[in-house]
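Peer 1: Here it is, the structure, as C-alpha cells.
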Protein chains: 2
Amino acid sequence: MSENKILLTEKEMPRQWYNVMADMPNLPKPPLHPATQKPVGPEDLSAIFPMELIKQEVSTERWIDIPEEVQKIYRLWRPSPLCRARRLEKALDTPAKIFYKYEGVSPAGSHKLNTAVPQAYYNKKEGINRLTTETGAGQWGVALSQACNFFGMECRVFMVKVSYEQKPYRRSMMQIFGSSVVPSPSNETAAGRKVLAADPDSPGSLGIAISEAVEVAAQREDTNYALGSVLNHVILHQTVIGQEAKEQMAKAGEYPNIVIGCCGGGSNFAGTAFPFVYDKLVRGAKIRLIAAEPSSCPTLTRGRFGYDFGDVAGLTPLLSMYTLGSEFMPPSIHAGGLRYHGDSPLVSQLLHDGIIEATALDQTSIFEGAIMFARSEGIVPAPESAHAIQCAINEALAAKEAGEARTILFTLSGHGLLDLPSYDKFMAGKLEDFPLPEDILAKSLQNLPKI
Amino acid sequence: MSENKILLTEKEMPRQWYNVMADMPNLPKPPLHPATQKPVGPEDLSAIFPMELIKQEVSTERWIDIPEEVQKIYRLWRPSPLCRARRLEKALDTPAKIFYKYEGVSPAGSHKLNTAVPQAYYNKKEGINRLTTETGAGQWGVALSQACNFFGMECRVFMVKVSYEQKPYRRSMMQIFGSSVVPSPSNETAAGRKVLAADPDSPGSLGIAISEAVEVAAQREDTNYALGSVLNHVILHQTVIGQEAKEQMAKAGEYPNIVIGCCGGGSNFAGTAFPFVYDKLVRGAKIRLIAAEPSSCPTLTRGRFGYDFGDVAGLTPLLSMYTLGSEFMPPSIHAGGLRYHGDSPLVSQLLHDGIIEATALDQTSIFEGAIMFARSEGIVPAPESAHAIQCAINEALAAKEAGEARTILFTLSGHGLLDLPSYDKFMAGKLEDFPLPEDILAKSLQNLPKI
C-alpha cells in the first residue's frame, strides 16, 4: 500500500518563491494614494516597509530567491507533509482521492509563519529592530511574534480588545515568544485615544488595530509595520505551500483535478493555488482552482470588482480588488481570519479573468465538515481551514454523484487547538449562519470610492 | 549541512514492539491480589482487560507483533520526527549535540495515543464496544477518546472535577471525538456517591476517578477499562518511540551517550529508553538512561522500593515498585501527568538494578527550560515534557563544563498548546516550587503495606 503521508526532505524544499505576476494575462491595476488617487510609489511605502519587500510588491520576475537565513528557519518545520485522507474518503464512500497539505505543523500552528519569517528577516537586514502589527483572532500575531523572536527583534501586537479578552491562549503564545501585546483601542496612539474618547468601552476592531499599528510604525525610525495577508509580497512568500504540494503529488504519482484553499485576505488560497496557476497558464493544465470563503463575508462570490480602501478609516492605499465595501462589518463568525471586506488584488484579478473560481460556505456546514474530518483523520482543524475541508467534501460528493475518480487537493492551513471554545458552541447547537442580506450588501456597495 | 529533521518513511516504522522483560536481569515481582496477597492471575484481570493485553502483561517474548490494523492508525502520524535542536545548542553554547524525538505530532498531542490505539483495538477484537477510563489533566482522556473513535467504540471518561472545570479545552477535544466526559466524583457509581455524600463539593482526585472507571467496567459485560501508564503492556506499546529514535539516530550517523525521558507513571521514559536498555544489556552499549521527574513528587529519587497499591483506596493489585506511599497527595503542580505516587514496576526494577538512573527537577526550573526551548526551536512544550528538556539542558551544560561533545537524546512527549494558562502563571511569577519535606515523606512511607 502506498503511504498516507508524502514527505519531502529539507533538501527538496523550494529555493525560490513563485511570482504569479510573471504569468498573469492582466496585472492588477496599481494601488492608489488615498489622498491624491495617483499610483503609490516606493517612497510612499518606505516609512513602514523595508525596500526589499517594496520591490517584491511590484516585481514581475517569475522566481525570487528565498534567502538562506529564511530557509534555515523554514527548516524548523518545512517541508510540511502532504497527506492522503483515506479515512475521510472511506467515510464519504467516494471514488475521489483526497489529499491535504498540512500547514498546522508550523510551530505557530498555521501557514502564517511562511511570510512572518521573511518579513522579519528583510526588516532586520535593513536595520529595523522592531515591528508592529495588528491581530484579530491571533494567528498572525503568534506567527509574527515567533518570527521576530527568531531574529532577536522586538514585536508589538495590537490585538482587538474583545479577542484579547476572549482568546487568552493566543495572547499567551505571543507573550511566550517575548512580544508585548496591547489591547486595542489603546492610549498609546492618537487613533486609539480618539476611539476611547468617543467610547471608553469600545471592543475594538481590526480596522482600529491596523490604524494603531501603522501609526506607531510611521512615527518611529527604528520601527516598521507588517501585514499578514492581501499584499503581493505576502502571497509570494506563501507559494512554498503549493510548490511543495506539487512535488509531493508527483511523488505520489498524482496530479489534482481540483485545488482548494480557504480565502479571507487570500494568502492561504493563493499560496496553495498559484503554483498551479502557472501550470494552467503556461503549461495548459486542465485544473480547477477554488477559493472557499464564508457566506457571511462573501467577498469573491458577491462583492464588486473595483478600487477600495484596505481599512475602515480609509487611510491605506486604494487597492484594485473584489470588495464588499470598506464599511462592511462582517458578523462575528468563528473563522475570524476570514472576516475581511476585501481580498488580495492578485486573487481578485485572476477571479475576474476567469482563471480561478470561488465558493461560499455556511458556518454550521464548515463545522460539520470539521468534525467529520477530525473523526476521520484525527486532526482538529482551525475554523478557517474548515472552509477548505467542507469545499473538498462537497467536491468529493460531486465526484461520487458523477461516478468519477477525481483527485482533490486542499490545504489545511492550521490546527484548531486554540479554537476549541468555538467547537463547544457548535456542539451545543449555539452557532448560527449569517447569509448576507441583499439590501445590506447593496447599501455597503453604494459607498465605494468613485474612481 | 545535514538536516534538522530526520524522518522515516511509513515503511520504516517498527512492525514489532520491544519487550524489555526478555532481557532484564531480574523481572519485577508479580502483582499481588489486594485481599489475598497472592499473585494475581489472568482470571482476576479478565473482568476489566481483554485477554490479549493480559498476555502482553506477563509475556517474556522479546518482540511482539504490532497488528496491521494498529499500524494503519499509527500511520496517520507515525513515524514521528527526530529533530536536531541546533538553535538550542547555540543558545547554550555547548559542544553537546542535542536531538529530540517529537511525539506532539500525534493528533492527540502526546505519546499517549501510541498505547490508546492498541488498547482500543484488542478490546474491540474481543467484542468489547465500550471503554471507561479516568483522566486528570486530560492528555490520556483525549488519546483514548481518539482511539475509541477510530475503532467505532464508545468511550466514557471520568475526569477529575477540578480539571473538568479548569481545563475546558481538553474536555472539548474528548467531546469532539464523541466521548462522554463525566466530572468525578459523580452520582453514577457507588464510589462517587460515597465521596459526594461525605463532601458534595469534593474537587475529585485521580484515585477517585480510577475507582469510578473501574467500577463501571467491572459491572458491565460490554465494557472494559483502560489505563494510560504504569502497566507492562502500556510500556510495551510505547517502545515504538525508542525504536524509531534509534533508527533515526543511525541515519544521522549518531548514537546517544545520554537518553532522557520525563517520568510520571513511566510510559514515556520507558518507551524512549527501553530499546536502548536492550543495547546496554544485550550489546554492551555504554549509555546513560535518565528518568526526569518532578521534585514535588520524587518517586524514583526519594521513594521506597517495595510493594504498594496503585490507587489511593487500595483496590488495585499491589505492585512491586518505587513509591512515595499510596496515601501521598502530590501538590498541584502544572505537570499534572507526572503526579503519581508510584511508578512502572519495569522502570522501578531497572532503577533498583542500576541499569537506569533518575533525577528530580523543580517546577520553576522546568518552565525556564520550556521557554528557552520554545524560543529556540519554536515548539511550546507540555509541562510534563519540559522535565526532559530541562534535564537535557543540564546535561548539555555539564558537557560544556567537561569540554566534551556528548550526544544527548530526549523525547518531547507532547506540545503545551492546551497548557498555556500554566505559562501565564509562570510568566507572572506566580509559580512555586514544592520540594518534598523529609517529615511528610517519612510519614507517608510509614503506611506502606507490610509484605
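Peer 1: What is the one condition in (1) part of a loop (DSSP other than H, G, I, E, B); (2) touching a residue at least 12 places away in the same chain (Cβ under 8 Å); (3) more than 14 Å from every other protein chain (Cβ to nearest Cβ); (4) surrounded by fewer than 18 Cβ atoms within 10 Å (Cβ to Cβ) that B:Ser2 does not satisfy?
Peer 2: (3)
Peer 1: B:Val195 - would you say it is closer than 28 Å to B:Gly127 by Cβ and surrounded by fewer than 24 Cβ atoms within 10 Å (Cβ to Cβ)?
Peer 2: Here the answer is no, as B:Val195 does not meet what is asked.
Peer 1: Residues to consider are B:Ala137, B:Ala143; find the one that is part of a loop (DSSP other than H, G, I, E, B) and closer than 21 Å to B:Ser385 by Cα.
Peer 2: Matching residue, one of B:Ala137, B:Ala143: B:Ala137.
Peer 1: Next question. Quick check on this structure: which one of B:Lys90, B:Lys101 is in contact with a strand residue (DSSP E or B) (Cβ under 7 Å, 6 or more places away or on another chain) and not polar (S, T, N, Q)? Steps first, please.
Peer 2: On the way: B:Lys90 fails: in contact with a strand residue (DSSP E or B) (Cβ under 7 Å, 6 or more places away or on another chain).
Exactly one residue qualifies, and that residue is B:Lys101.
Peer 1: Give just the number: which of (1) in a helix (DSSP H, G or I); (2) away from every other protein chain (no Cβ under 13 Å); (3) surrounded by fewer than 24 Cβ atoms within 10 Å (Cβ to Cβ); (4) in contact with a Phe, Trp or Tyr (Cβ under 7 Å, 6 or more places away or on another chain) does B:Ala392 not satisfy?
Peer 2: Against the list (1) in a helix (DSSP H, G or I); (2) away from every other protein chain (no Cβ under 13 Å); (3) surrounded by fewer than 24 Cβ atoms within 10 Å (Cβ to Cβ); (4) in contact with a Phe, Trp or Tyr (Cβ under 7 Å, 6 or more places away or on another chain), B:Ala392 comes up short only on (3).
Peer 1: If a residue has to be aromatic (Phe, Trp, Tyr) and in a helix (DSSP H, G or I) to count, how many in region B:408-440 make the cut? Give the derivation first.
Peer 2: Step one: filter region B:408-440 for residues aromatic (Phe, Trp, Tyr), giving B:410, B:423, B:426, B:434.
Right, trim to in a helix (DSSP H, G or I) and you get B:423, B:426.
Here the count works out to 2.
Peer 1: Does region A:56-66 contain any residue that is surrounded by 16 or more Cβ atoms within 10 Å (Cβ to Cβ) and either farther than 20 Å from A:Tyr278 by Cα or among the aromatic types (Phe, Trp, Tyr) (or both)?
Peer 2: Among the residues of region A:56-66, not one is surrounded by 16 or more Cβ atoms within 10 Å (Cβ to Cβ) and either farther than 20 Å from A:Tyr278 by Cα or among the aromatic types (Phe, Trp, Tyr) (or both), which makes the answer no.
Peer 1: Select from region A:207-230 the residues that are of a type in the set (Asp, Glu) and within 22 Å of A:Ser163 (Cα to Cα) and list them in ascending order.
Peer 2: A:Glu212, A:Glu215
Peer 1: Return the residues of region B:167-198 that are in contact (Cβ under 8 Å) with a residue 40 or more places away in the chain, outside any strand (DSSP E or B), closer than 25 Å to A:Ala370 by Cα and more than 9 Å from chain A (Cβ to nearest Cβ); say none if nothing qualifies.
Peer 2: Filtering region B:167-198 for residues in contact (Cβ under 8 Å) with a residue 40 or more places away in the chain gives B:167, B:169-170, B:173, B:181, B:184, B:191.
Next, only the ones that are outside any strand (DSSP E or B) stay: B:167, B:169-170, B:173, B:191.
With the extra rule that they be closer than 25 Å to A:Ala370 by Cα, the set shrinks to B:167, B:169-170, B:173.
Within region B:167-198, just B:Lys167 meets the criteria.
Peer 1: Residues to consider are B:Leu409, B:Leu417; find the one that is more than 23 Å from A:Asn149 (Cα to Cα) and in contact (Cβ under 8 Å) with a residue 12 or more places away in the chain.
Peer 2: On the way: B:Leu417 fails: more than 23 Å from A:Asn149 (Cα to Cα).
Answer to the selection: B:Leu409.
Peer 1: Now, a different point. It is to be established whether one or more residues within region B:155-163 are within 14 Å of another protein chain (Cβ to nearest Cβ) and either assigned to a helix (DSSP H, G or I) or in contact with a strand residue (DSSP E or B) (Cβ under 7 Å, 6 or more places away or on another chain) (or both).
Peer 2: Among the residues of region B:155-163, at least one is within 14 Å of another protein chain (Cβ to nearest Cβ) and either assigned to a helix (DSSP H, G or I) or in contact with a strand residue (DSSP E or B) (Cβ under 7 Å, 6 or more places away or on another chain) (or both), which makes the answer yes.
Peer 1: Which members of region A:231-244 meet the condition of being among the β-branched types (Val, Ile, Thr) and either at pLDDT below 95 or in contact with a strand residue (DSSP E or B) (Cβ under 8 Å, 6 or more places away or on another chain) (or both)?
Peer 2: Listed by number, the residues that qualify are A:Thr239, A:Val240, A:Ile241.
Peer 1: Still on this structure, please answer the following. Just one of the numbered conditions (1) in a helix (DSSP H, G or I); (2) more than 13 Å from every other protein chain (Cβ to nearest Cβ); (3) more than 26 Å from B:Arg86 (Cα to Cα); (4) not aliphatic (A, V, I, L, M) is not true of B:Lys400; which one?
Peer 2: It fails just one condition, (3).
Peer 1: On the given criteria, is B:Pro25 loosely packed, with under 15 Cβ neighbours inside 10 Å, touching a residue at least 12 places away in the same chain (Cβ under 8 Å) and closer than 27 Å to B:Tyr322 by Cα?
Peer 2: Here the answer is yes, as B:Pro25 does meet what is asked.
Peer 1: Filter region B:274-300 down to the residues that are among the β-branched types (Val, Ile, Thr) and farther than 22 Å from B:Val234 by Cβ and list them by number.
Peer 2: B:Val282, B:Ile287 - these are the residues of region B:274-300 that are among the β-branched types (Val, Ile, Thr) and farther than 22 Å from B:Val234 by Cβ.
Peer 1: What's the total number of residues in region A:304-340 that are free of Cβ contacts under 8 Å to residues at least 60 places away in the same chain, of a type outside the set (Ser, Thr, Tyr) and buried (at least 19 other Cβ atoms within 10 Å of the Cβ)?
Peer 2: Selection size over region A:304-340: 1.
Peer 1: Related question: Filter the strands (runs of 3 or more DSSP E) completely within region B:52-121 down to those with at least 1 residues that are within 11 Å of chain A (Cβ to nearest Cβ).
Peer 2: Strands (runs of 3 or more DSSP E) meeting the threshold: B:82-84, B:97-102.
Peer 1: Among what's in region A:341-389 and is over 20 Å from A:Cys297 (Cβ atoms), within 14 Å of another protein chain (Cβ to nearest Cβ) and of a type in the set (A, V, I, L, M), pick the residue that is surrounded by the most Cβ atoms within 10 Å (Cβ to Cβ).
Peer 2: Within region A:341-389, the match that is surrounded by the most Cβ atoms within 10 Å (Cβ to Cβ) is A:Val380.
Peer 1: Suppose the filter is without any contact (Cβ under 8 Å) to a residue 12 or more places away in the chain and not in a loop (DSSP other than H, G, I, E, B); does B:Ala358 pass it?
Peer 2: Spelling it out, it is not the case that B:Ala358 is without any contact (Cβ under 8 Å) to a residue 12 or more places away in the chain and not in a loop (DSSP other than H, G, I, E, B).
Peer 1: For the condition modelled with pLDDT of 95 or more and more than 17 Å from the chain's Cα centre (by Cα), what is the one hit in A:Leu324, A:Leu300?
Peer 2: Selected residue: A:Leu324, the only one of A:Leu324, A:Leu300 that is modelled with pLDDT of 95 or more and more than 17 Å from the chain's Cα centre (by Cα).
Peer 1: For region A:144-160, give me the residue count where each residue is crowded, with 23+ Cβ neighbours inside 10 Å and more than 10 Å from A:Phe177 (Cα to Cα).
Peer 2: Residues meeting the conditions: 4.
The values are calculated or read from the model by the stated rules, or taken from the named source; none is laboratory data. Being a predicted model, the structure only gives us computed values, none of them experimental. Don't worry about glycine lacking a Cβ; one is built from the backbone with ideal geometry, like all the others, and counts go over all protein chains shown.
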